[in-house]
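Let me begin by presenting the structure, written as structure tokens, before commenting on it.
None of the figures in this text is laboratory data; all of them are computed from the coordinates on show. Quick caveat, the model's predicted, so the values are computed rather than measured. Neighbour counts run over all protein chains shown; Cβ positions are idealised from the backbone, glycine included.
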Ligand code: GDP
């Protein structure tokens with residue numbers, strides 16, 4: 001599935017710019033610095049692919065990557081950034097809502113949560129947006145290598161408690177470390193079943 005060439009396709013700033021919905025896709029959301037680029041790079045085996053999403057100007061775009069044959073990985077940067085002017089934040093949120101509620105080929109959203117921090121307010125908000133958009137989402141804990149086993153259980157409990165509040169949540173939480181490789185194969189397998 002991820003064996004083929006992975007490429008940055010385009011950054012989208014308006015619904016009219018979306019690529020044709022001619023293949024299945026999954027999207028990734030998370031607070032900045034959660035490890036999203038690193039995870040996408042680990043999934044695809046590329047070192048610098050998703051860094052494109054973190055460059056200035058790209059943070060308010062929906063970024064499409066092709067991964068292997070016939071599906072998109074979609075990076076949704078931009079939630080939880082505090083410093084952008086309100087009109088920009090509102091424009092971004094509008095685009096995000098339109099994308100999430102209108103994309104027939106979107107199979108699942110992965111909401112990334114830093115294993116050290118657990119679910120924060122902005123994470124709760126994106127989960128509620130996914131509920132109202134009827135997009136099934138699954139939580140992925142990142143950077144588990146930084147957290148002791150006992151503390152992983154605590155954060156898992158917190159995340160599961162949060163998920164129980166969200167009708168669109170898929171119950172299984174994936175624990176990952178892009179650094180050590182934990183969970184990457186599992187996540188690839190999940191994506192493979194979806195697309
Ligand atoms: P993004 O803003 O969500 O795209 O975050 P990045 O992928 O740029 O990662 C933010 C920081 O976390 C970087 O310094 C990464 O090296 C670090 N990081 C990402 N994933 C991991 C991981 O699995 N383990 C550890 N220890 N650090 C990580």
Given the options 67, 169, 14, state which has the largest fluctuation in a GNM of the chain using a 10 Å cut-off (strictly under) for Cα springs.
-> 14
Under 1.5 on a/c is rounded, so check that first for the stretch 7-194, then, if it is not, pick prolate when a/b is larger than b/c and oblate when it is not; a ≥ b ≥ c are the square roots of the alpha carbon gyration tensor eigenvalues.
-> rounded
For the chain, what is the calculated [θ] at 222 nm in deg cm²/dmol (nearest 500), taking -39500 (n - 2.57) for each run of four or more DSSP H residues and dividing by its residue count?
-> -10500 deg cm²/dmol
When a footprinting reagent is the concern and you count Cβ atoms within 10 Å, what order do 38, 44, 142 take, fewest first?
-> 38, 44, 142
Taking Cα pairs closer than 8 Å and at least 6 residues apart, the relative contact order of the chain in percent is 24 percent
Count the DSSP beta bridges whose two residues both fall in the stretch 7-194, then state the antiparallel fraction as a percent rounded to the nearest 5.
-> 30 percent
Reduced to Cα centres, the span from the stretch 88-154 to the stretch 1-43 in Å works out to 14 Å
